[in-house]
Amino acid sequence: MGISEADAANELMRLARQIAKHDRLYHAEDDPEISDQEYDALVRRNAELETQFPHLVRDDSPSKKVGHAVSSSPLGKVTHEVRMMSLDNGFSDEEIHEWVARVRRFLSLPDDEPVAITAEDKIDGLSCSLRYESGKLVRAATRGDGQVGEDVTANVAYIADIPQELSGDNVPDLFEVRGEVYMSKQDFAALNAAQHEAGGKLFANPRNAAAGSLRQKDASVTARRPLRFWAYGWGAASEVPGDTQHAVMLQIEAWGFPVSPFLTVTNSVEDMLAHYAEIGRQRPDLPYEIDGVVYKVDRLDWQQRLGFVAKAPRWALAHKFPAEQAETTLEAIDIQVGRTGKLTPVGRLAPVMVGGVTVTNVTLHNRDEIARLGVRPGDRVVVQRAGDVIPQVVRNLTPEVEREAYLFPDACPECGSEAVAEESEVDVRCTGGLICPAQRTERLKHFVSRKALDIDGLGEKTIDQFFALGWLESPADIFRLKDRKDAILALEGWQDKSVDNLLASVENKREPDAARLLFGLGIRHVGEVTARDLMKNFHELPALRQAAEQARAGDEDALSEITSIDGVGGAVVEALGDFFHEPHNVEVWEDLLSLVSPPPYIVETLDSPVAGKTVVFTGKLETMSRDEAKAQAERLGAKAAGSVSAKTDLLVAGPGAGSKLKKAAELGIEVIDEAGWAEIVAAAG
Ligand code: ZN
């Protein structure tokens, strides 16, 4: 691999933005531009890089998000009582072995303790949560972003697989059945044929057809679409009818729901892989699309202990099916310029079907990758999409003697400035900086994006247009747009109402969230979470700037104040110092802060005895692993730190605790044992 750190950081940034865009197209608009396999490949690549460079994990990382917020939906919103998670993916046999080993380590299981795992095929549909009270269906909701979904109660009434009432005994007062709404291959083909005939929109795949059919304001449209459902789990429940995943699924089936015909319990990794191979063998003949196999730890008490990390449970994994390949011609290599000036080559292909989806673009990553493949426009290449990597060129089929070297541009295609690779860097960057329109507009787009200032109505096209007119030189200019109201109105496509809406959303951000503002500035290494962590500590932006400047000038106290924040390291301090050392940045910063007033950043903590406190674990823990202990601390709103300092509030010491225990005693820090910790956890529920 040999990808440099800088290269990885940039690729992660690009992936975060690409994936966010595709999430929006997929979840909020049901209109994806890429196949699910291509999407998975992006997510996969992101995970690979994050594994290789854990300190580069971005705060807006796709690995921390589920789906997309439902913002512009005509349907009502439903807040899920129990969050709907997504699944981590595995691709190779080794990853499955590693996942099971991780489960064992987390639970501190002895080697001879068997771990039962359920396995079932993963149908490619739309996740849905069905809430039953006293056995009657009272609400159905889509996943949405995992916390808030859309109300589709009226729509699911037309899905025959979903009972309006649970049948049989054992029905709890409250039970939410979770599963997948989907469309069979045959029904999908018939629907698209009918749409074609009627001149309507064609759906890209059965999954999108199912989503588009379910998420209809007019439920009579849903009624005409052949939707199906099967259950894979549950959410909120007044009572869980069983001690294992499998037992509860059998009960759900007995209440009247279809479940996967492949659902089984395995007792070893070998069993799991055999089941996966068997499902893969039958996959082409199944009446519905599947994209992998889902494994879940069977014992519910273990699921409880394993808990969640970021967006996914530790106790479940999706084992995806492998990549597919095809041959085509590389027609052109286009160069795109990003926010940091990086030149990214994109291969344009003669359209080719790979596993049922047309592929026209591939990433070529960077100059070295082009050199490694020896590709240039006109070459025959093998293209791969899905699972294990980004849609990419795997091999060049053109004989080496017939190739000429591709000359990577030494000038920016957007501004003509010299493009160079810095020492030890793979990436070639435009040196135009602020005169490069690509970089400037990309930065502005980042500033107004959903995770940053989140200014509605200031879309990418509007930014490009206003930028071209010279109205947006820097973020501060956004807050001066109100002076251009008449000029905007004079532009084609703008009416009183749309201009008023735009200006109102800008005015709405006069007192922006300080952490979002900081993130929006796009300072290297300062992602969404880092920005929040910094602001939690400094509260006000000028205080952060002062500390960053002092740290850069060699002030040890300022340096340690920043680096003592969990998750903030030297790279962040350096990036902040560099940012404020650049006069132009200071100008932009001061200009911006003269127009907006972020209130002091204060975060409310959870209601648990350790909320907001810093906890350190030391010594040997006997009933749980260190990771589990840390995860518990985070759930209770506490911060788990690695070393004891004056900022430590509580030390949890197991047998064999040494220097940390001694230091805690010196500092007068409260010390408890593992049993004491377990009491706190139990009391918090
Ligand atoms: Zn440029």
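Details
- Residues with amide H under 5 Å from that of G76, placed H, sequence gap 5 or more: D151
- Surface/4 estimate of mean projected area, convex hull on alpha-carbon atoms of segment 237-382, nm²: 13.8
- Prolate/oblate/rounded label for segment 307-411 (Cα gyration tensor, a/c 1.5): oblate
- Entry comment: accessible area of segment 206-283 is 41 Å² per residue, from protein heavy atoms only and a probe of 1.4 Å.
- Proximity of backbone amide H atoms, modeled 1.01 Å from N, is registered between G637 and no other residue at under 5 Å, excluding neighbours fewer than 5 places apart on the same chain.
- Relative contact order (%) - segment 178-316, alpha-carbon pairs under 8 angstrom, separation at least six: 23
- Between A468 and D649, the contour length at 0.36 nm per residue exceeds the alpha carbon distance by 59.8 nm.
- Taking a straight line from the alpha carbon of K485, these aspartates and glutamates sit under 14 Å away, with near neighbours fewer than eight places off in the same chain left out: D477, D496, D500, E507.
- Between the amide H of A411 and those of A419, distances stay under 5 Å, these residues lying 5 or more places away or on another chain, with hydrogens modeled in the peptide plane.
- Summing +1 for each Lys or Arg and -1 for each Asp or Glu among the other residues whose beta-carbon sits under 11 angstrom from that of K613 gives 0.
- Sum of side-chain charges, D513 neighbourhood, beta-carbon under 10 Å (Lys, Arg +1; Asp, Glu -1): +1
- Set of lysines with alpha-carbon distance to K620 below 25 Å, sequence-local pairs under 8 removed: K630, K639, K647, K660, K662, K663
- Remark: accessible surface ordering of T51, T344 (largest first) is T51, T344, probe radius 1.4 Å.
- A prolate overall shape is assigned to segment 121-202, the ratio a/c of its alpha-carbon gyration tensor axes (a ≥ b ≥ c) being 1.5 or greater and a/b exceeding b/c.
- With the convex hull of the Cα atoms taken as the outline of the chain, the averaged projected area works out to 33.7 nm².
- Here the Karplus relation 6.51 cos²θ - 1.76 cosθ + 1.60, evaluated at θ = phi - 60°, turns the backbone of segment 212-223 into coupling constants of x, 6, 6, 7, 10, 5, 8, 5, 5, 5, 4, 4 Hz, with x for every Gly and Pro.
- Modelled label positions at A405 and D627, each set 7 Å beyond Cα in the direction of Cβ, lie 4.5 nm from each other.
- Formal net charge of residues neighbouring H584 (Cβ-Cβ distance under 13 Å; K, R +1; D, E -1): -4
- Full extension of the segment from E670 to V586, taken as 0.36 nm per residue of separation minus the current Cα-Cα distance, would add 25.9 nm.
- Placing R0 at 51 angstrom, the Cβ-Cβ distance between S108 and S4 gives a FRET efficiency of 0.85 after rounding to 0.05.
- Lone cysteines, the chain (no partner Cβ under 4.7 Å): C128
- Calculated from backbone phi, Karplus (6.51, -1.76, 1.60) coupling profile of segment 628-642 in Hz, x at Gly/Pro: 5, 4, 5, 5, 4, 4, 5, 4, 8, x, 9, 9, 9, 9, x
- Theoretical ellipticity at 222 nm over the chain - DSSP helices of four or more residues, -39500 (n - 2.57) apiece, nearest 500: -11000 deg cm²/dmol
- Net lengthening on full extension, E679/R348 (0.36 nm per residue, minus Cα-Cα): 113.2 nm
- Between I435 and D243, the simple label model (points 7 Å from Cα in the Cβ direction) yields a spacing of 7.4 nm.
- Computed label-point distance, nm, for sites Q52 and S134 using a 7 Å Cα→Cβ extension: 5.9
The values are calculated or read from the model by the stated rules, or taken from the named source; none is laboratory data. Nothing here was measured: the structure is a model prediction, and the numbers come from that model. A quick note on method: Cβ atoms are made from the backbone with ideal geometry, for glycine too, and the neighbour counts reach across all protein chains shown. Surface areas here come from the heavy atoms of the whole protein model, side chains and all, with no ligands, DNA or RNA. Shrake-Rupley method; radii C 1.70, N 1.55, O 1.52, S 1.80 Å.
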